[in-house]
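Trainee: Pasting a structure below so you can have a look.
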Amino acid sequence: YRPIASQHAHHAAVIGRLDADKNIFALIDLGKEILGQNQDIVINIYGDGQLKDEFQAAIVVAGLSDILILHGFESNKEKIFSVNSSLLLLSKSEGFGLVILEAYAHGKPVIVFDSFTAARDVVKHQQTGFLLAYGDYAAVVDGIKQADTIDTANISALFSQFENKTIFARWNQLF
């Protein structure tokens with residue numbers, strides 16, 4: 001656990017493949033909500049995938065190039081989380097969502113749709129981030145604006161439940 005300060009209060013990161021499984025076109029709807037509310041919010045998108053060109057074109061057509069910014073794949077999570085104050089995960093479905101733990105490892109809250117079981121296991125609403133109704137983009141905007149209200153002590157406490165020593169101790173209790 002190494003929390004780092006963010007350079008921008010209302011910048012949020014999206015990290016993942018640019019494909020249909022990750023629901024990336026939901027970001028267009030989010031961008032429209034940000035634009036409609038005239039908010040000073042930037043969504044930094046890190047990843048690559050088969051829909052990259054189509055997604056980039058949709059961003060341009062919607063006039064969202066100043067809100068939704070594609071950066072391509074970036075392996076350096078410290079670099080990502082030094083620029084962004086939170087992580088967005090807007091998937092329709094997801095496995096465990098390791099990217100959530102990567103955000104927590106850097107002291108960042110997550111804003112996630114309550115659309116997959118693991119989200120409820122890893123995100124505690126208003127304690128480690130925001131667990132929101134699927135498709136509620138106005139609530140996502142509010143979550144980004146309120147990310148700085150999340151106490152990093154809560155994030156640290158939840159993250160510690162997923163450290164190797166904790167997981168191995170639980171595993172040994174099972175067998």
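The values are calculated or read from the model by the stated rules, or taken from the named source; none is laboratory data. Note that this is a predicted model, so its numbers are computed, not measured. When we count neighbours, we look across all protein chains shown, and the Cβ atoms used for this are built from the backbone with ideal geometry, even at glycine. Only protein heavy atoms, including side chains, enter the accessible area calculation; ligands, DNA and RNA are left aside. Shrake-Rupley method; radii C 1.70, N 1.55, O 1.52, S 1.80 Å.
Trainee: Might you report the magnitude of the Cβ-based charge dipole of the chain about its Cα centre, with Lys and Arg at +1 and Asp and Glu at -1, to the nearest 20 debye?
Mentor: Taking the Cα centre of the chain as origin, the dipole is about 500 debye.
Trainee: Across bins of 10 angstrom width beginning at 0, how are the C-alpha pair distances of the stretch 30-100 distributed, in whole percent?
Mentor: 16, 48, 34, 2
Trainee: Can you pull a Stokes-Einstein diffusion coefficient for the chain at 4 °C (1.567 mPa s), Rh from Kirkwood over Cα pairs, as a whole number of µm²/s?
Mentor: Calculated translational D: 79 µm²/s.
Trainee: Averaged per residue, what accessible surface does the chain expose to a 1.4 Å probe, in Å²?
Mentor: Here the residues of the chain average 50 Å² of exposed surface.
Trainee: Hey, what did the chain get for relative contact order, percent, Cα under 8 Å, at least 6 apart?
Mentor: Once normalised by length, the contact order is 25 percent.
Trainee: Please work out the ratio of the alpha-carbon Rg of the stretch 87-175 to 2.2 N^0.38 Å and round it to two decimals.
Mentor: That ratio works out to 1.11.
Trainee: If you place +1 on the Cβ of every Lys and Arg, -1 on the Cβ of every Asp and Glu, and leave all else neutral, what size is the dipole of the stretch 17-87 about its Cα centre, to the nearest 20 Debye?
Mentor: 120
Trainee: Among Val112, Leu88, Asn164, which residue has its Cα furthest toward the positive end of the charge dipole of the chain, with +1 on Lys/Arg Cβ and -1 on Asp/Glu Cβ?
Mentor: Positive-most Cα among the choices belongs to Asn164.
Trainee: Rounded to the nearest percent, how much of the accessible area of the chain (1.4 Å probe, protein heavy atoms only) is carbon and sulfur?
Mentor: With neighbouring chains kept in place, the figure for the chain is 50 percent.
Trainee: Past 27 Å, Cα to Cα, is the threshold; run Lys22/Lys165; Lys108/Lys165; Lys79/Lys145; Lys77/Lys165 against it and keep the listed order.
Mentor: Those over the limit are Lys22/Lys165.
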